[in-house]
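Let me begin by presenting the structure, written as structure tokens, before commenting on it.
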Amino acid sequence: MKILSVVGARPNFMKVAPLHRAFVASGKIESRILHTGQHYDARMSDIFFNQLGLPEPHHYLGVGGGSHTYQTANVMLKFEEVLREEKPDLVLVVGDVNATVATTMVAVKEGIPVAHVEAGLRSGDRGMPEEVNRVITDGICQYHFITEHSGLVNLARENTLSKGIHFVGNVMIDSLVHFREKAAEGTALKELGLAPKSYLLTTMHRPHNVDNAEGLKDIATILRRSAERLPVVFPMHPRTRNNLTKHGLLDQVLAIPNLHVLEPQGYLQFLQFMDNARLIVTDSGGIQEETTFLQVPCLTFRDTTERPITVEFGTNILMADLNPETVMQEVDNILDGRAKTGVVPPLWDGKAAERIAEILIGELG
């Protein structure tokens with residue numbers, strides 16, 4: 001059985017890596033990998049293949065940046081050629097990026113079944129391109145692999161056929177469990193002179209936070225005030241750096257005392273930073289899940305989340321806006337020992353990929 005797995009953006013690599021390992025280990029699946037090139041910067045793409053033990057992608061579309069329409073249309077055109085060459089038994093897509101929905105549409109029209117890993121997640125905000133991608137993908141794919149109970153509820157609400165719905169756990173956590181010990185051996189903390197649980201880690205890249213001057217100014221204020229309390233580690237996304245430069249704020253941020261501005265980090269380095277952080281401030285989706293497993297307090301700058309289990313079970317707190325006063329109140333609560341506690345959600349045990357492989361072999365083998 002031949003499975004063609006699609007990766008495009010940074011989080012996809014951590015999700016496909018355990019699946020590739022499980023497919024190969026089964027001895028019954030030929031695992032092929034296609035990289036769309038949505039993250040074309042080597043620091044945010046190639047390094048992940050190297051660190052996660054993925055082979056060189058069998059196909060590289062080289063789509064790169066551009067508008068949502070440009071990315072989606074170009075992936076569709078190029079993916080069609082690959083499908084007709086490969087003739088896989090199944091296309092596997094993960095997450096909610098443009099490559100996810102683009103390759104799903106092409107495969108379905110070519111009569112090839114599609115499995116969606118992380119199916120059923122919903123924020124309820126159709127203004128997010130990722131939400132549109134999720135809804136379309138789940139509406140037409142054949143197999144839905146669920147990470148949390150809300151996915152089952154959402155698919156039932158949307159009248160998705162139940163035959164191909166499987167609650168399997170979280171492949172992102174599979175990667176974390178697999179690489180946690182290796183990440184702990186790294187030197188990322190030592191190079192910055194930081195001790196475990198002595199610093200705040202932050203990431204910011206969502207357009208609604210970083211594509212406007214007001215949001216960037218609030219972020220700069222939060223960084224400055226946080227750095228007055230403890231060291232802050234800030235791996236800066238290219239989008240954020242470009243917008244800070246555009247609005248004349250980059251030098252101001254770089255001059256903040258006690259702030260370590262870094263280039264985008266590899267998976268192992270960032271995992272070490274997450275595992276040892278006192279708290280994390282972010283607008284990422286995946287980090288909400290990883291901090292829940294690691295039991296690290298997390299403040300997420302979103303008014304909704306497609307991963308509600310991280311709030312219900314985990315350590316995640318949603319921050320509806322970037323109001324520095326509200327944020328710093330939560331930061332002080334955590335630093336004063338009043339952090340939210342949580343538990344690890346069901347089936348987040350590092351074995352989701354093995355369950356998926358077993359199901360697909362049973363269904364298609």
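The values are calculated or read from the model by the stated rules, or taken from the named source; none is laboratory data. Note that the structure is predicted; figures quoted are calculated from it, not measured. Positions of Cβ are backbone-derived with ideal geometry, glycine not excepted, and every protein chain shown enters the neighbour counts. Ligands, DNA and RNA are excluded from the accessible area calculation, which covers all protein heavy atoms including side chains. Shrake-Rupley method; radii C 1.70, N 1.55, O 1.52, S 1.80 Å.
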With contacts defined as alpha carbon pairs under 8 Å and 6 or more residues apart, what's the relative contact order of the stretch 150-272 in percent? 30
Using alpha carbons only, how many degrees (0 to 90, rounded to 10) separate the axis of helix 324-335 from the longest principal axis of the chain? 90
Restricting to Cα pairs below 8 Å that are 6+ residues apart, what does the relative contact order work out to for the chain? Please round to a whole percent. 17
Looking only at aspartates and glutamates whose Cα falls under 15 Å of residue 190's and that sit 8 or more positions away or on another chain, we get 275
Please compare each pair in 15/246; 87/182; 78/163; 2/78; 163/351; 163/340 to a cut-off of 28 Å on the Cα-Cα distance and tell me which ones are over it. 15/246; 87/182; 78/163; 163/340
Neighbour-limited loop hits for trypsin sites (Lys or Arg not before Pro), the stretch 87-183 (at most 12 other Cβ within 10 Å; DSSP other than H, G, I, E, B): 126
Find, among the GluC sites (Glu not before Pro) in the stretch 75-141, those assigned to loop by DSSP (not H, G, I, E, B) with at most 16 other beta-carbon atoms within 10 angstrom. 110
Over the stretch 51-163, give the accessible area per residue in Å² for a 1.4 Å probe, as an integer. 43
Using the alpha-carbon centroid of each, what span in Å lies between the stretch 308-364 and the stretch 225-256? 25
Residue 217: which aspartates and glutamates have alpha carbons under 20 Å from its alpha carbon, excluding same-chain residues fewer than 8 sequence positions away? 228, 251, 283, 303, 321, 325, 330
